[in-house]
1. Taking the residues in segment 22-49 that are surrounded by 10 or more Cβ atoms within 10 Å (Cβ to Cβ) and more than 25 Å from F215 (Cα to Cα) as candidates, determine which candidate is modelled with the highest pLDDT.
2. Restricting the search to segment 118-134, which residues are of a type in the set (A, V, I, L, M) and within 14 Å of A196 (Cα to Cα)?
3. Out of all the residues in segment 199-215, is one or more modelled with pLDDT of 95 or more and of a type in the set (D, E, K, R)?
4. If you go through segment 50-91, how many residues are of a type in the set (S, T, N, Q) and more than 25 Å from Q114 (Cβ to Cβ)?
5. Residues that are out of contact with any Cys (no Cβ under 6 Å at 6 or more places or on another chain) and more than 15 Å from D220 (Cα to Cα): which strands (runs of 3 or more DSSP E) entirely in segment 89-197 hold 3 or more of them?
6. Confirm whether A48 is of a type in the set (A, V, I, L, M), assigned to a helix (DSSP H, G or I) and either farther than 30 Å from L204 by Cβ or in the same structural domain as E192 (by TED's automatic domain parsing) (or both).
7. Take the conditions of a type outside the set (F, W, Y) and surrounded by 14 or more Cβ atoms within 10 Å (Cβ to Cβ) and apply them to S187. Does it pass?
Amino acid sequence: MGAKDMKSIRYLLLLGCLLSATLGAGVVSAGGEPRVLGWPDLVPPLPAFDDPFLALTSDQLARLAQVARFRERRRRREVLQEESAALLAELTHALEQQGVDVDDLLAQREDIKQKRQAAAESVDPSLDERRVRIPGYLLPLEFTGTRVTEFLLVPTVGACIHVPPPPPNQMVHVTFADGFETQGLYSPVWVEGTMAVGGGETELFLKDGTAGVSFGYRIDAIDVANYND
């Protein structure tokens, strides 16, 4: 067999593997098995955009935020006291010395904010009414006795507790009529059921009060199980 024939065979084998992976990734099998999702699957592809703020250090972002606040006060025709005006000049000069174009970044701020929000809120309509199975950590919302019947499923342990919540497309609102005897916030679970695509909001009760959170998906669960079972 010649080198050309071997090359053709390798190409066909590779093509077959790619087709198998593609077909198996996004479709419920003929036997009715659920599609197993990872959290990246909940984020649809969007047009890429240049986010210049990602190149800044945390210190530069903090200084830029201070500059923005001072400039906003001036825009409202407030007169800055001498100390504040001097600090504004100092912060601006320090950033410019580090190669940060303050005027350009502040001019782009609203546009970048809107693009980030669109990326965070985007959902994949192809998942609507699909039977799925997805792992995650639960944040209880409602109980029947000691069993959780409504909760938020999130990708990381302790999400929403001490840090800003994940974006809506990384939050799934789950209802489970049978209820689940949770082992705590730090024990991962599998959730299986029918997914509905569409946003909503709920109140999450924390030790130090409540927090409003937005979610991009819902699951009417038929099974919730410990991840390691």
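1. In this case the residue turns out to be E33.
2. Pass one, segment 118-134, residues of a type in the set (A, V, I, L, M): 118-120, 123, 127, 132, 134.
Matches in segment 118-134: V123, L127, V132, I134.
3. no
4. Applying the first criterion (of a type in the set (S, T, N, Q)) to segment 50-91 yields 57-58, 60, 66, 81, 84.
Now drop any that are not more than 25 Å from Q114 (Cβ to Cβ), which leaves 81, 84.
Total satisfying the criteria: 2.
5. Details: elements: 131-144, 147-154, 172-180.
Because the criterion is at least 3 residues that are out of contact with any Cys (no Cβ under 6 Å at 6 or more places or on another chain) and more than 15 Å from D220 (Cα to Cα), the strands (runs of 3 or more DSSP E) in segment 89-197 that meet it are 131-144.
6. Values: of a type in the set (A, V, I, L, M): yes; assigned to a helix (DSSP H, G or I): no; either farther than 30 Å from L204 by Cβ or in the same structural domain as E192 (by TED's automatic domain parsing) (or both): yes.
Here the answer is no, as A48 does not meet what is asked.
7. Working: of a type outside the set (F, W, Y): yes; surrounded by 14 or more Cβ atoms within 10 Å (Cβ to Cβ): no.
Judged against the criteria, S187 is not a match.
The values are calculated or read from the model by the stated rules, or taken from the named source; none is laboratory data. Computed from a prediction, not measured in an experiment: that's the story for all the values here. Don't worry about glycine lacking a Cβ; one is built from the backbone with ideal geometry, like all the others, and counts go over all protein chains shown.
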